[in-house]
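Right, one structure below, let's go through it.
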Amino acid sequence: MRRPDPKKARRAARGPSQRQLRGGEVVRRVLAEIVGRGGIRDPELADVTITISEVRMSNDMRHATCFVAPLGGGDAVKLAEALTRAKGYIRSELGKELTFKFLPDLTFTADLSFDQAEAIERLLHSPKVARDLAHEDEGDDEDDED
């Protein structure tokens, strides 16, 4: 049985390298240009403005996970499926723009962070939370009077 390599464990704990971050940002920018041009012939992508919020590159820079969401809300899962169907075209256009040694394989994933942020925002503005915050503020005022 092989022992785990402690260098690899430390590297995974630190997060992505500067090279991965820079490569992911370049891929994200080029993907945004490709999608913005509107050359993708998929009916589900015809009238949708797409946000590519993040691209995470693997350690060897051969795989890229792209987090996508429709601008202004919508079904991010269907959008990711439609982009996956058009992956061949997108990857070929990406190859024309990038000068990487290896063209990364793209995986499109629905970015649900916007939905989660909206749910937290709604929760913070709910009457129950506002009531609790108002009650807490009154308690702070009483402490100031002493």
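The values are calculated or read from the model by the stated rules, or taken from the named source; none is laboratory data. Computed from a predicted model, the values in this text were never measured in an experiment. Don't worry about glycine lacking a Cβ; one is built from the backbone with ideal geometry, like all the others, and counts go over all protein chains shown.
Only a single item in (1) surrounded by 12 or more Cβ atoms within 10 Å (Cβ to Cβ); (2) at pLDDT 85 or above is not met by Arg19, and it is number (1). Close contacts from the stretch 84-104, counting a first residue that is without any contact (Cβ under 8 Å) to a residue 24 or more places away in the chain and a second that is in a helix (DSSP H, G or I), with Cβ to Cβ under 8 Å and a gap of 6+ residues or different chains, come to Leu103/Arg91; Leu103/Leu94; Leu103/Gly95. In the stretch 88-135, of all residues being within 17 Å of the chain's Cα centre (by Cα) and charged (D, E, K, R), the one that is farthest from Glu44 (Cα to Cα) corresponds to Glu118. If you go through the stretch 68-97 and keep only what is closer than 12 Å to Ala110 by Cα and in a helix (DSSP H, G or I), you end up with Ala76, Val77, Lys78, Leu79, Ala80, Glu81, Ala82, Leu83, Thr84.
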